[in-house]
Structure formats: C-alpha cells, structure tokens
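Data first, discussion second: the structure below is written as structure tokens.
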Amino acid sequence: MSGIMTDQELRSSRLTFYEHDVEKIDRVMEEFLKLSKARCALLVDKDGHMITRVGGDARINQDTISALVAGSFAATKEMAKILGEEEFTALYHQGASDNIQLSWWETGRS
C-alpha cells in the first residue's frame, strides 16, 4: 500500500460531530469555565483541528494553539513509549501569568 488512506478509511478513522453534539459539549465546557475560573476551553482532535471552543482571548490565535497541542501530544506519546509507559494523559505548562492544562483521551478508552 502507498501509505495514503482511502476516503472510506479516512471517514472511519475520524469522529463526526453534529450541531446538537457540539451544543451539548459547549454547555459542558461553559460550566467547566465557571467552575474552574479558566478563561478558555478548547476541544481539539489529535490532528490539531479545533472542534469547538468556549471563552478565549482575541489576542491569542487559538487555531495555532490547537496545532501546537497536537504536536505536543505526538511528542509526549513518543516520550512515553521510550520510558516504557503506554501513554501520558495530561500535560501542564506554567508561565508567569498564564497556565495551560492539556488532557488527552482516545475514543474507545474509558
């Protein structure tokens, strides 16, 4: 095989979100923002595509953040393998004034 996914393989490997699904997810994320006092919550797929977002700061390019999150998890997954772990499921980055918590899960995983 050439390494190129067929259209059917691509469709079956991706989740599909319908508008009512995203609305429910947004409500949960809005509640999360209230409880955590976070400014923004993003739902990003493993390829760095933003599914939905709640809150945010217009000065921050959230699409770029999404792509960088995907790269960060890909690198972290490889580090876990090297260290004999199946995976690391959370990352935390702390700055002087802002922090980012990244959590990861795969479909079919409980």
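The values are calculated or read from the model by the stated rules, or taken from the named source; none is laboratory data. Everything numeric here is computed off the predicted structure, so don't read it as measured data. Every residue, glycine among them, receives a Cβ derived from its backbone with ideal geometry; neighbour counts consider all protein chains shown. Keep in mind that these areas ignore ligands, DNA and RNA; they rest on the heavy atoms of the full protein, side chains included. Shrake-Rupley method; radii C 1.70, N 1.55, O 1.52, S 1.80 Å.
Structural remarks
- Average accessible area per residue (Å²) across the stretch 36-110 - probe 1.4 Å, nucleic acids and ligands excluded: 73
- Among the trypsin sites (Lys or Arg not before Pro) within the stretch 34-108, those in coil by DSSP and having at most 10 neighbouring Cβ atoms inside 10 Å are K37, R59.
- Evaluated at q = 0.28 Å⁻¹, the base-10 log of the normalised Debye intensity for the stretch 26-73, with identical point scatterers placed on the Cα atoms, takes the values -1.03.
- The stretch 29-110 - Kirkwood radius from inverse mean 1/r over Cα pairs (Å): 13.9
- Proximity of backbone amide H atoms, modeled 1.01 Å from N, is registered between V44 and I51 at under 5 Å, excluding neighbours fewer than 5 places apart on the same chain.
- Residue separation of D98 and V22 scaled by 0.36 nm, minus their Cα-Cα distance, works out to 24.7 nm of gained length.
- Residue-wise HN-Hα couplings along the stretch 73-89, as the Karplus relation 6.51 cos²θ - 1.76 cosθ + 1.60 with θ = phi - 60° gives them from phi, are 5, 4, 5, 5, 4, 5, 4, 4, 4, 4, 8, x, 9, 5, 5, 10, 9 Hz; Gly and Pro carry x.
- Hits among lysines - C-alpha to C-alpha of K46 under 16 Å, sequence gap 8 or more where chains match: K77
- Cβ-derived FRET efficiency at R0 41 Å, I82 paired with L33, nearest 0.05: 0.70
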